[in-house]
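Please see the structure below; I have some questions.
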Amino acid sequence: MRGAHETDVVVIGAGQAGLSAAYFLRRAGLRDGRGFVVLDRGRRPGGAWQHRWPTLRMNRVHGVHDLPGLKLAEIPEAARKEWPAAEVMAAYFERYERTFDLPVRRPVDVRSVRRCPDGRFLVETTGETWLARGIINATGTWDKPFWPYYPGRDTFLGRQLHTADYPGPAPFAGEHVVVVGGGTSAVQLLVEIAEVADGTTWVTRRPPVFHEGEFTPEYGRAVVAEVERRVREGKPPRSVVSVTGLTLTPEVRAAREAGVLTRHPMFERITPHGVRWADGREQYADVILWATGFRAALDHLAPLRLRGSGGGIRMDGTRVVGVPGLHLVGYGPSASTVGASRAGRAAVRGLLAELEHEDSGGTGPGDTTQSADPAT
């Protein structure tokens, strides 16, 4: 592993939240090298968007918010409506990085972040290391699909896959598909698959709640505030979608009327040929599709011991309480396009204030008694 580079700020991840943070760092006057760097594990721009399923078109995506300083609307309208979202958003992110000359390095896989005895952070990647005074972590959730365990899962003779691996509806033609999950992705995939499958069964832990009204910016901010309340208390964050409910678009309304979105409670176990409920009822399945969401991709921060006894990370805005110089964006209230850009700006403002206070001879806000990691 090559020797350590030195910089003031390392941004980890170049999705929407990470690019927003990089934009505001650039506006604050930080330049390449000693200023800041963005480390992204992707091979090309686009963040999690580049991995979305190929049949997700822009006209089916709701709640996409512009990155600061460059409107998505500058992409031709026809492309924004009909092209695959993965292509449109990847092109948008690539143009954004070029427009603002953001110092993104890829592909770089960050393996760990540790506290050094001098108070800086040591960022270890597969090929080199970085020493930084501050970290803005923007790794999101896409790299950690959540697979819940149910008895018998390993005995199932059909196919199991997660939303992260969804290839489009064609491979499910003529099959019966059990879709597990109550989020927007589950609904979108059900609508697609139902057109080609022999049958579908929708299973959720809780009855779905459909949102009738328009998803306004004011409503989005209220939702973000509710998620933020939980992380301030150190609780594991709920997803933004779990608070908003499901948007009742004309397409979704039609699917409900056609019986595609008839919800069933969670099954008790998985059998070799399907799923079984506690009352003995069984459903044959060729495929189980787990649309069960994602968890925050924070394994590389494990050496900092961030999680409390309840499994959450106590936050004050974007700042991790008790770890000066560490800010999380794309976590909790900013784990969606609703709050990502705003969080990037807040993280930069907060982190630069900490560094300025440190330069002036102070110790920075928050608890500065965090012990150095003995491994460094």
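Considering segment 285-332 alone, what residues qualify as being hydrophobic (A, V, I, L, M, F, W, C), assigned to a helix (DSSP H, G or I) and within 30 Å of residue 154 (Cβ to Cβ)?
Of everything in segment 285-332, just one residue is hydrophobic (A, V, I, L, M, F, W, C), assigned to a helix (DSSP H, G or I) and within 30 Å of residue 154 (Cβ to Cβ), namely 302.
For segment 58-73, give me the residue count where each residue is outside any loop (DSSP other than H, G, I, E, B) and either at pLDDT 70 or above or under 20 Å from residue 14 (Cβ atoms) (or both).
Within segment 58-73, residues that are outside any loop (DSSP other than H, G, I, E, B) and either at pLDDT 70 or above or under 20 Å from residue 14 (Cβ atoms) (or both) number 3.
So for segment 350-369 (the condition being at pLDDT 85 or above and within 30 Å of residue 173 (Cβ to Cβ)), does at least one residue qualify?
no
Each row is one residue, and each column tells you yes or no for (1) at pLDDT below 75; (2) farther than 25 Å from residue 84 by Cβ.
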site	(1), (2)
24	no, yes
27	no, yes
33	yes, yes
45	no, no
48	yes, no
56	yes, no
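Looking at segment 88-101, can you tell me whether even one residue there is touching a helix residue (DSSP H, G or I) at 6+ places or on another chain (Cβ under 6 Å), aromatic (Phe, Trp, Tyr), in a loop (DSSP other than H, G, I, E, B) and not assigned by TED's automatic domain parsing to the domain that holds residue 265?
Scanning segment 88-101, I find at least one residue that is touching a helix residue (DSSP H, G or I) at 6+ places or on another chain (Cβ under 6 Å), aromatic (Phe, Trp, Tyr), in a loop (DSSP other than H, G, I, E, B) and not assigned by TED's automatic domain parsing to the domain that holds residue 265, so the answer is yes.
So which of 132, 164, 79 ends up being touching a Lys or Arg at 6+ places or on another chain (Cβ under 7 Å) and either modelled with pLDDT of 90 or more or not in a loop (DSSP other than H, G, I, E, B) (or both)?
Answer to the check: 132.
The values are calculated or read from the model by the stated rules, or taken from the named source; none is laboratory data. The shown structure was predicted, so the numbers you read here are calculated from the model rather than taken from an experiment. Positions of Cβ are backbone-derived with ideal geometry, glycine not excepted, and every protein chain shown enters the neighbour counts.
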